[in-house]
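Notes for the one structure printed next.
The values are calculated or read from the model by the stated rules, or taken from the named source; none is laboratory data. The structure displayed is predicted, hence computed values, not measured ones. We place every Cβ from the backbone using ideal geometry, glycine too, and count neighbours over all the protein chains shown. What goes into the accessible areas is simple: the full protein's heavy atoms, side chains included, and nothing from ligands, DNA or RNA. Shrake-Rupley method; radii C 1.70, N 1.55, O 1.52, S 1.80 Å.
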Amino acid sequence: QMTYEGQLNYTSTFNKVHDVTAMGIFKREQYARGSMFKTYREDWAFRATYDYADRYLLELNGAYNGSEQFGPGYRFHFFPSVAVGWFISHEKFFKVDWMDRLKLRYSTGQVGNDDVGSGRWLYASSYAYGGYARLGESTAAQSPYTIYRESVIGNPDIHWETAHKNDWGLEMGLLQEMITVNFDYYTENRTDILLSGSSRSVPPFFGSTPPSANLGQVKSHGAELEIGFNKSLNDNLSIWAKLAISHNQNK
């Protein structure tokens, strides 16, 4: 196994209120064991953030991922995302003594999956050498020539599974952060899920196991609530507790 990786980072502050960061990373992996053909994976990713006076937050992400699981024209895909945040408690107009922290945030973006299972080179057909052709329907006689037959039917259009995610978040800290509350509501639409040939509704007269195809879809939404309690009684003793509740629904 061999891995190449390079990364660049940038951080700067302007006029004491503008914080900017940037990161770019490249990674390439190849792996082989025994007599197997090498597997390859390549990733290009970047991230940029902006923070104004610790009140307004912005983050941009992008990933250009490549996988050998797919055929030419489908191996690389770009997945972007963006996130914003607002620290309301850092505003000058915010005057709530018992609330130390109040933050709203939202993020949306795409992610991809190439771990589709079912073996490698699903985009290519395979041929087996062996067997003989019959010379007619009414006779058992066979041709003297050994034939090639299509043993695995490939699908050249197999591509990345993609998920589009959204998240709305609320964060609060109360009574000098003795009580913390984090709430998230999220949605996800996962498309182009790879279905194996045996899971497809193809009539038997097709004559063989059909190829895998990106036909599945899952829509989900849910919410998560986390409530924390942390109280220091003295230098040697503190009380800590956390309650987490989540609910998710898939279709």
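In this Cβ point-charge picture (+1 for Lys and Arg, -1 for Asp and Glu), the chain has a dipole of about 460 debye about its Cα centre. Lys-Lys pairs in the chain that are eight or more residues apart or on separate chains and whose Cα atoms lie under 29 Å of each other come to 19. Accessible surface of the range 92-143, 1.4 Å probe: 53 percent of it comes from carbon and sulfur atoms. Taking the Cα centre of the range 141-238 as the origin and placing charges on Cβ (Lys, Arg +1; Asp, Glu -1), which of 166, 210, 234 is farthest toward the positive end of the dipole? So the residue we want is 210.
When Rg and Dmax of the Cα atoms in Å is computed from the coordinates, the matching label among (i) 25.6, 71; (ii) 27.5, 96; (iii) 20.4, 63 is (ii). Expressed as a fraction of 2.2 N^0.38 Å, the value expected for a compact globular protein of N residues, the C-alpha radius of gyration of the range 119-251 is 2.05. Size descriptor for the range 1-144, Kirkwood hydrodynamic radius: 20.6 Å (Cα pairs only, one decimal).
Accessible area per residue was computed with a 1.4 Å probe on protein heavy atoms; residue 60 scores about 80 Å². Accessible-area rank, largest first, for 64, 148: 148, 64, with all protein chains present and a 1.4 angstrom probe.
Take residue 98: with every protein chain present and a 1.4 Å probe, its accessible area is about 140 Å².
Relative intensity of the range 71-118 on a log10 scale, I(q)/I(0) at q = 0.13, 0.21, 0.27, 0.28 Å⁻¹, equals -0.55, -0.83, -1.02, -1.05, per a Debye sum over C-alpha point scatterers of equal strength in the absence of solvent. Using 0.36 nm per residue and subtracting the Cα-Cα separation, the extra length available between residue 249 and residue 227 on full extension is 5.7 nm. Residues in the range 128-251 average 68 Å² of solvent-accessible surface per residue, probe 1.4 Å, ligands and nucleic acids excluded. A probe of 1.4 angstrom, applied to the heavy atoms of all protein chains, finds residue 74 with accessible area near 80 square angstrom.
Excluding ligands, DNA and RNA, the accessible surface per residue across the range 1-101 is 69 Å² with a 1.4 Å probe. Centroid-to-centroid, using Cα positions, the range 38-96 and the range 158-232 are 18 Å apart. With N the number of residues in the range 34-79, Rg(Cα) / (2.2 N^0.38 Å) evaluates to 1.82.
With point charges of +1 on the Cβ of Lys and Arg and -1 on the Cβ of Asp and Glu, referenced to the Cα centre of the range 73-161, which listed residue (113, 81, 142) lies farthest in the positive direction of the dipole? The listed residue farthest towards the positive side: 81. Evaluated at q = 0.13, 0.16, 0.18 Å⁻¹, the base-10 log of the normalised Debye intensity for the range 89-170, with identical point scatterers placed on the Cα atoms, takes the values -0.74, -0.85, -0.92. Each of 128, 201, 1 was scored by the projection of its Cα onto the charge dipole of the chain, and the greatest displacement toward the positive side belongs to 128; charges sit on the C-beta of Lys, Arg, Asp and Glu.
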